[in-house]
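A.B. asks: Can you read through this structure? Questions will come right after.
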Amino acid sequence: MAKIDTVNLAVLIDADNAQPTIISGLMAEIAKYGTANVKRIYGDWTTPGLKGWKDVLLKYSIQPIQQFSYTYGKNATDSAMIIDAMDLLYTDKFDGFCIVSSDSDFTKLASRIREAGLIVYGFGERKTPEPFVAACDKFIYTEVLRFEDDDEEEESIQRKSANELKRDTKLVRLLRNALEASSDESGWAHLATVGRNIANQTPEFDPRNYGYKKLGELIRAIKLFEIDERREGDNRSVVIYIKDKRKK
């Protein structure tokens, strides 16, 4: 029997800069990328502000790490997370890290882990500073995780109409540039290739930020691209190709 390769991940959560309401969606999202072999959450557990986290730690087998705030105005939690992350990095047992925080203090850590050849997934609120977002291979805004189990609420809160999407010049430019870089001479491009190009350009891109679960749904909704579903391969599975409608 062939051995199945497992992507081993270390999950480090800043309890001071993340909300327990994301936990279900967070763990489901992490499972898409690999196996969370280490799950640690950092904070001063003597404070009442972290009670919400205490209620979910056992259910998801997350190890709480106590870090007292020794000096007012200094974030001891961040320092503890960074030290532990470097210790875990040097074990050479992991393929990637998941850093859950909206704090820019982890920018250098994310860059250092990537320099070692490991992948970094960042998770934080929309207020997360751009340097930390850019330092990650992929960054997921935690707002989309809170509604992962409630399709109706997700759509009513976040789904953008075709006109709203078209008015988002940054989004339109991103999609068209990725398509241009991925297309053949006829202008058609494999949707998956376009998606990889987008991820390389913009770590924080996620169709769920616009109310759509998949890139294909977002592409259909914006109505700027032709779509061609082709059956390919031995199993004749459906493969989606797209083309800019401006191209003849």
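The values are calculated or read from the model by the stated rules, or taken from the named source; none is laboratory data. Predicted model, so just to flag it, every value in this text is computed and none were measured. When we count neighbours, we look across all protein chains shown, and the Cβ atoms used for this are built from the backbone with ideal geometry, even at glycine.
A.B. asks: What number of residues within the stretch 30-57 are closer than 20 Å to Phe94 by Cβ and surrounded by fewer than 21 Cβ atoms within 10 Å (Cβ to Cβ)? Working first, answer last.
C.D. replies: Within the stretch 30-57, the subset closer than 20 Å to Phe94 by Cβ is 30-42.
From the residues that got through so far, the ones that are surrounded by fewer than 21 Cβ atoms within 10 Å (Cβ to Cβ) too are 30-40.
Residues meeting the conditions: 11.
A.B. asks: Being buried (at least 17 other Cβ atoms within 10 Å of the Cβ), within 30 Å of Ser111 (Cα to Cα) and without any contact (Cβ under 8 Å) to a residue 24 or more places away in the chain is the requirement here; does Gly195 meet it?
C.D. replies: yes
A.B. asks: Taking the condition of being modelled with pLDDT of 95 or more and of a type in the set (D, E, K, R), how many residues in the stretch 95-114 meet it?
C.D. replies: 4
A.B. asks: Count, please, the residues in the stretch 201-246 that happen to be without any contact (Cβ under 8 Å) to a residue 40 or more places away in the chain, closer than 15 Å to Arg173 by Cβ and within 22 Å of the chain's Cα centre (by Cα).
C.D. replies: 3
A.B. asks: Sort out which residues of the stretch 107-119 are buried (at least 24 other Cβ atoms within 10 Å of the Cβ) and touching a Cys at 6+ places or on another chain (Cβ under 9 Å), and write them in order of number.
C.D. replies: Ala110
A.B. asks: Now for a different question. Would you check if Ser24 is surrounded by fewer than 17 Cβ atoms within 10 Å (Cβ to Cβ), modelled with pLDDT under 90, of a type in the set (Gly, Ala, Ser) and assigned by TED's automatic domain parsing to the domain that holds Glu115?
C.D. replies: Here the answer is no, as Ser24 does not meet what is asked.
A.B. asks: Restricting the search to the stretch 13-45, which residues are more than 15 Å from the chain's Cα centre (by Cα), over 21 Å from Leu118 (Cα atoms) and of a type outside the set (S, T, N, Q)?
C.D. replies: Residues satisfying the conditions are Ala15, Asp16, Pro20, Tyr42, Gly43, Asp44, Trp45.
A.B. asks: Of all residues in the stretch 32-45 being charged (D, E, K, R) and within 19 Å of Gly96 (Cβ to Cβ), which is modelled with the lowest pLDDT?
C.D. replies: Narrowing the stretch 32-45 to residues charged (D, E, K, R): 32, 39-40, 44.
Keeping just the survivors that are within 19 Å of Gly96 (Cβ to Cβ) gives 32, 39-40.
Working: Lys32: 92, Lys39: 96, Arg40: 96.
By that ranking, first place goes to Lys32.
A.B. asks: Of all residues in the stretch 120-132 being without any contact (Cβ under 8 Å) to a residue 40 or more places away in the chain and under 17 Å from Met81 (Cα atoms), which is farthest from the chain's Cα centre (by Cα)?
C.D. replies: Top of the filtered list is Phe132.
A.B. asks: Just to verify a result, which residue in the stretch 46-90, among those that are of a type in the set (Asp, Glu) and within 24 Å of the chain's Cα centre (by Cα), is modelled with the lowest pLDDT? Give the steps one after another, and end with the answer.
C.D. replies: We begin by selecting, within the stretch 46-90, every residue of a type in the set (Asp, Glu); these are 55, 78, 84, 87.
Narrowing the set further to residues that are within 24 Å of the chain's Cα centre (by Cα) leaves 78, 84, 87.
Values: Asp78: 84, Asp84: 95, Asp87: 96.
Among residues in the stretch 46-90 that are of a type in the set (Asp, Glu) and within 24 Å of the chain's Cα centre (by Cα), the one modelled with the lowest pLDDT is Asp78.
A.B. asks: Right, here's the next one. Taking the options Asp84, Asp105, Asp95, name whichever one is over 20 Å from Thr35 (Cβ atoms) and in contact (Cβ under 8 Å) with a residue 24 or more places away in the chain.
C.D. replies: Asp105
A.B. asks: Looking only at residues in the stretch 139-183 that are assigned to a loop (DSSP other than H, G, I, E, B) and modelled with pLDDT under 90, which one is nearest to Asn200 (Cα to Cα)?
C.D. replies: Let us first name the residues in the stretch 139-183 that are assigned to a loop (DSSP other than H, G, I, E, B), namely 145-150, 159-161, 168, 183.
Cutting the leftovers down to modelled with pLDDT under 90 gives us 145-150, 159.
Numbers: Leu145: 22, Arg146: 25, Phe147: 26, Glu148: 25, Asp149: 28, Asp150: 29, Arg159: 24 Å.
In this case the residue turns out to be Leu145.
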